[in-house]
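The values are calculated or read from the model by the stated rules, or taken from the named source; none is laboratory data. It should be emphasised that the depicted structure is a prediction, and the values quoted were computed from it without experimental measurement. Cβ placement follows ideal geometry from the backbone for every residue including glycine, while neighbour counts extend to all protein chains displayed. Heads up: the accessible areas ignore ligands, DNA and RNA and are worked out on the full protein's heavy atoms, side chains in. Shrake-Rupley method; radii C 1.70, N 1.55, O 1.52, S 1.80 Å.
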Amino acid sequence: PGKIDEIFDAVSYSKGACIIRMLEEFLGEEKFRDGLRHYINKFKYGNATTNDLWNSLELISKQPVKKIMDSWTKQTGYPIIKVEIKNNRLILEQERFFYLKKKDSQIWNIPIELYFNNKKEYYLMTSKKVEIKINGDVKINKSQIGFFRVRYDDETLNKLMKSKLDFKEKLGLLNDIYALTRGSYVPVDKYLNLVYNYRNEDHYIIWDEISTGLAKIDSLFYEE
């Protein structure tokens, strides 16, 4: 029974579903569908491997699908992206996310959804640190499809807290900041300030996320 559970675990199914969804968004629904059609037609009534699927998607989309997906399927964990904005330059730096801080040299090929003045663009991050020239405000992973944590610099985070966000953005921000607090990347008061900022929120999912985070923090101070 234990071995059966291992086959259908969260990594195989939940992480697998998340990175496939991220890939579909990056390639676009039409090209992703056409790539699947190419794969199915080429290998119907026969055998295929994971690489055959990546090759079909790569052929149709003209994107380095195998290189991207190998970094997600052949490495453990997932990344955190540190975001800093200085002098009209967006500075992104990636590292592996840990709840207990450790050093790790892993690098992912990350399709990053960027919103510049409400216009969506994609950037493929293939190195530990990159700089992108920008003009105006920017949001990272607005749709919350990217499988990574985002750590904004203080100034950008304060702007986001005061700006008008949809419930998915608020949910992602709350979830990321709580995880960063738990992993000791940021002090707990940042999370509590964010929660306080949403005290008049009326969306059930946001309050469910807030109550879960506060309950976990409360458990740390049990009987103290």
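Summary table below
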{"read-out": "Share of carbon and sulfur in the accessible heavy-atom surface of segment 141-224 [1.4 Å probe, %]", "value": "52 percent"}
{"read-out": "In Å², nearest 10: area of residue 186 left accessible to a 1.4 Å probe", "value": "20 Å²"}
{"read-out": "Global geometry of segment 97-224, whether rounded, prolate or oblate, following the gyration tensor of its Cα atoms and the 1.5 cut on a/c", "value": "oblate"}
{"read-out": "Spin-label model distance (nm) - residue 124 vs residue 50, 7 Å beyond Cα toward Cβ", "value": "1.9 nm"}
{"read-out": "12 Å beta-carbon shell around residue 155, net charge (K/R +1, D/E -1)", "value": "-1"}
{"read-out": "Solvent-accessible surface (1.4 angstrom probe) belonging to residue 72, in square angstrom, nearest 10", "value": "0 Å²"}
{"read-out": "Exposure ranking of 132, 107 by accessible area [1.4 Å probe, largest first]", "value": "107, 132"}
{"read-out": "Accessible heavy-atom area order of 164, 142, highest first, probe of 1.4 Å", "value": "164, 142"}
{"read-out": "At least 24 Å along the helix axis (C-alpha) and Kyte average at least 0.0, DSSP helices within the chain", "value": "204-220"}
{"read-out": "Residue-count net charge about residue 104 - beta-carbon cut-off 13 Å; Lys, Arg +1, Asp, Glu -1", "value": "+4"}
{"read-out": "Charge dipole magnitude, Cβ of K and R +1, D and E -1 - segment 159-208, Cα centre, debye nearest 20", "value": "200 debye"}
{"read-out": "Most positive-pole-ward Cα, 148, 165, 215, against dipole of the chain from beta carbon charges", "value": "148"}
{"read-out": "Value at 222 nm in deg cm²/dmol, rounded to 500, when DSSP H runs of n ≥ 4 in the chain each add -39,500 (n - 2.57)", "value": "-14500 deg cm²/dmol"}
{"read-out": "Ratio Rg/Rh [Cα only; Rh per Kirkwood] for segment 127-189", "value": "0.95"}
{"read-out": "Linear extension gain, residue 18 paired with residue 217, 0.36 nm per residue minus alpha-carbon span", "value": "68.9 nm"}
{"read-out": "Per residue, in Å², the accessible surface of segment 2-55 once ligands and nucleic acids are set aside, probe 1.4 Å", "value": "72 Å²"}
{"read-out": "Size of electric dipole in segment 21-83: Cβ of Lys, Arg +1 and of Asp, Glu -1, about Cα centre, debye, nearest 20", "value": "120 debye"}
{"read-out": "Gain upon complete extension [residue 29, residue 9; 0.36 nm per residue less C-alpha separation]", "value": "4.5 nm"}
{"read-out": "Sulfur and carbon atoms: percent of accessible area, segment 1-118 [1.4 Å]", "value": "52 percent"}
{"read-out": "Segment 65-224, accessible area per residue, ligands and nucleic acids excluded (1.4 Å, Å²)", "value": "58 Å²"}
{"read-out": "Residues residue 59 and residue 166, FRET efficiency given R0 of 30 Å [Cβ-Cβ distance, rounded to 0.05]", "value": "0.25"}
{"read-out": "Dipole magnitude (debye, nearest 20) for segment 19-174, charges at Cβ of Lys, Arg, Asp, Glu", "value": "180 debye"}
